[in-house]
Amino acid sequence: MKRLDLTGEKGFTLIELMVVMIILATLITIVAPRFLGEPEKARRLKAEITIANLETALKTYYLDNGTYPSTDQGLEALVSEPNTEPIPSKYREGGYLEKGKVPMDPWGRDFIYLSPGLHSEFDIISYGSDGIEGGEGKDADIESWNIE
């Protein structure tokens, strides 16, 4: 009769699985309240990330065409080729945003786009949770020139 050799088997021991479960539970306990307990903070972070992504798309547009879209052309120029001045000379097929549409801010409103901007070549702004220019705390605007 053949003996079963358990020393060559591969897998995790119960102790190893328990350690992993404890680590995961600890991480969830630390991280979850930060986002679940503060949804407004998470929305503000999402707005900052979206603005940073729009900045990257605008800079790529500039590298291809030598100009930024005008305020009138707006961020829509990143998904469909503008037919007003300044007409892009080398517009990228498929546009400059992956999903083919300009994202809304986390509160469901359009981002404000100015080109030339008051603070740089262009400015991108979300008016925050209240949707009104200005404000403090959770109602404060999220502005491209103030994102680090």
Q) Which of Leu14, Leu58, Ala47 sits farthest toward the positive end of the charge dipole of segment 5-148, with +1 on the Cβ of Lys and Arg and -1 on the Cβ of Asp and Glu? A) Leu14
Q.
From the phi angles alone, apply the Karplus equation (6.51, -1.76, 1.60; θ = phi - 60°) to segment 59-70 and give each ³J(HN,Hα) in whole Hz, x where the residue is Gly or Pro.
A. 5, 5, 4, 4, 4, 6, 10, x, 9, 8, x, 6
Q | With Cα atoms, 0 to 90° folded angle of helix 14-36 axis to the chain main axis | A | 30 degrees
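Applying 1/(1 + (r/R0)^6) with R0 = 22 Å to the Cβ-Cβ distance of Ser80 and Lys59, what FRET efficiency is obtained, to the nearest 0.05? Don't skip to the answer; put the middle values down first.
Numbers: r = 19 Å, r/R0 = 0.85.
That pair, Ser80 with Lys59, gives E of 0.75.
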Q.
Counting just the Cα atoms, what span does the chain cover along each of its three principal axes? Round to the nearest Å and put the largest first.
A. 86, 41, 23
Q.
What does the net charge come to around Pro88 if you take all other residues with beta carbon closer than 10 Å to its beta carbon, with K and R at +1 and D and E at -1?
A. 0
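Once you charge only the Cβ atoms, +1 for Lys and Arg and -1 for Asp and Glu, what is the size of the charge dipole of the chain about its Cα centre, to the nearest 20 debye?
Numbers: 15 positive and 25 negative charges, 218 e Å.
Here the size comes out at about 1040 debye.
Taken together, the values in this text are just the output of simple stated rules run on the coordinates, not laboratory data. Just so it is clear, the structure is predicted and the values come from calculations on it, not from any experiment. So basically every Cβ, Gly included, is an ideal-geometry build from the backbone, and we count neighbours across all protein chains shown.
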